[in-house]
1. So which trypsin sites (Lys or Arg not before Pro) in region 7-41 pass both tests, a DSSP loop state and at most 12 other Cβ atoms within 10 Å of the Cβ?
2. Probe radius 1.4 Å, ligands and nucleic acids ignored: give me the carbon and sulfur share of the accessible area of the chain as a rounded percent.
3. Across region 82-96, in residue order, what do the Karplus-derived ³J(HN,Hα) couplings come to in whole Hz, using 6.51 cos²θ - 1.76 cosθ + 1.60 with θ = phi - 60° and x for Gly and Pro?
4. Quick one: Karplus J couplings for region 147-159, per residue in order, coefficients 6.51, -1.76, 1.60, θ = phi - 60°, nearest Hz, x for Gly and Pro?
5. Work out from phi, with θ = phi - 60° and the Karplus expression 6.51 cos²θ - 1.76 cosθ + 1.60, the ³J(HN,Hα) of each residue of region 187-199, listed in order in whole Hz, and give x for Gly and Pro.
6. Trypsin sites (Lys or Arg not before Pro), restricted to region 242-312: which are DSSP loop and have at most 16 other Cβ atoms within 10 Å?
7. Using Cα pairs closer than 8 Å and at least 6 residues apart in sequence, work out the relative contact order for the chain, in percent.
8. Hey, can you find the accessible area per residue of the chain for me, probe 1.4 Å, expressed in square angstrom?
Amino acid sequence: MEDRLIEGTDLRVSALGYGAAPLGDVYGRVNLRTGTRSVRAALELGVTVFDVSPYYGRTRAETVLGQALAGVDRDTYTLATKVGRYGTDEFDFSAARVRRSVDESLARLGTGHLDLVQVHDLEFGDLGQVVEETLPALTELRDAGKVRHVGITGYPLPALASVAGRARVDTVLSYCHYTLLDRSLDDWVPYFAERGIAVLNASPLAMGALTARGAPPWHPAPAEVLRCCAAAAELCARRGVALEQLAVRFAVAYPRVATTFVGMPDEEQVRRNVGWAFGPLDEELLADVDRVLAPVRNHTWPSGRPENSEPP
Ligand code: NAD
């Protein structure tokens, strides 16, 4: 496993990170045993960073992850969770909720400190409140020793840039913006780097769209995007290569991010993805898949308050 430094912090993390959203049954039911085995397999294969949120499965993912990590030496992994989002339409970015949320996450995750706490999907909130209330509350918790680093997450890159330009944060987590489908994160990385902010990448499989199984029913991408993804999966299948293999390899090779979080709810997917992440990249197949996805390259979908997607 390749390790990378989260710039500006003392955290070294595996280039392939474990995304725990599926442990909250986001992509289908995952029982405790299956989830635990996937976490343990990831650790065994050198994955050292885990990303979760109280939102995933309305706390279930944190509970399962906490149980799976019980007894594992706390110094051997980096734990990232979030505050602010608690349900599909349930947000609370207030300081009081932040303080309560962190205490609840600490209890569910069975730990005395969180390495990284991120404001979850900030584009759904008032960015002024995030800057003036949510992030200062997290900074206080950092000073109290409960939280080691502070970050932000969300889908529209302008919303992340807007807050990163106005507040001190250690990390920005962007998802679905560095994949076979969408490489727009690359345009924004210099903006964050200039401000000393490390970038974390998530969802290299475009939340299931870049898999043979296809996107889940709740996927927000326009139908044309999903049709092109299905065509890419068929092309790969005809060549005897899984689209997931190409997608994971492609994203993890991106050197400008510290890690890429992949959701992998079972042990088999963990083993496959770790194997694929550092294997050879089929350049010819990549070029052919690029052609299939070209009509929908960098297509996005609305997320959060429209005014938060305006460039800063
Ligand atoms: P993803 O792109 O990683 O895709 C996950 C889907 O792909 C799941 O259905 C999984 O079962 C499937 N999959 C994974 N490996 C596979 C394989 N080898 N073969 C077949 N299918 C495979 O999407 P994600 O899980 O939503 O994103 C990764 C992580 O990033 C999340 O779990 C979460 O931790 C983080 N994330 C954070 C935010 C945020 O903070 N706003 C948003 C999205 C994701």
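The values are calculated or read from the model by the stated rules, or taken from the named source; none is laboratory data. Note that the structure is predicted; figures quoted are calculated from it, not measured. All Cβ positions, even for glycine, are placed from backbone atoms using ideal geometry, and neighbour counts span all protein chains on display. Areas reflect the complete protein model, heavy atoms only, side chains present, ligands, DNA and RNA absent. Shrake-Rupley method; radii C 1.70, N 1.55, O 1.52, S 1.80 Å.
1. Filter output for region 7-41: Arg29.
2. Values: 6190 of 12490 Å².
Here it works out to 50 percent.
3. Listing the rounded values in order: 9, 9, x, 10, 10, x, 3, 10, 10, 10, 8, 9, 6, 4, 4 Hz.
4. Ordered by residue, 3J(HN,Hα) equals 10, 9, 9, 10, x, 9, 9, x, 9, x, 4, x, 5 Hz.
5. Karplus-based 3J(HN,Hα) across region 187-199 equals 5, 9, 4, x, 4, 6, 4, 4, 9, x, 9, 7, 10 Hz.
6. Listed in order of number, the matching sites are Arg256, Arg297.
7. Working: 630 pairs, mean separation 64.4, N = 312.
So the answer I get is 21 percent.
8. On the way: 12490 Å² over 312 residues.
For the chain, the solvent-accessible area averages 40 Å² per residue.
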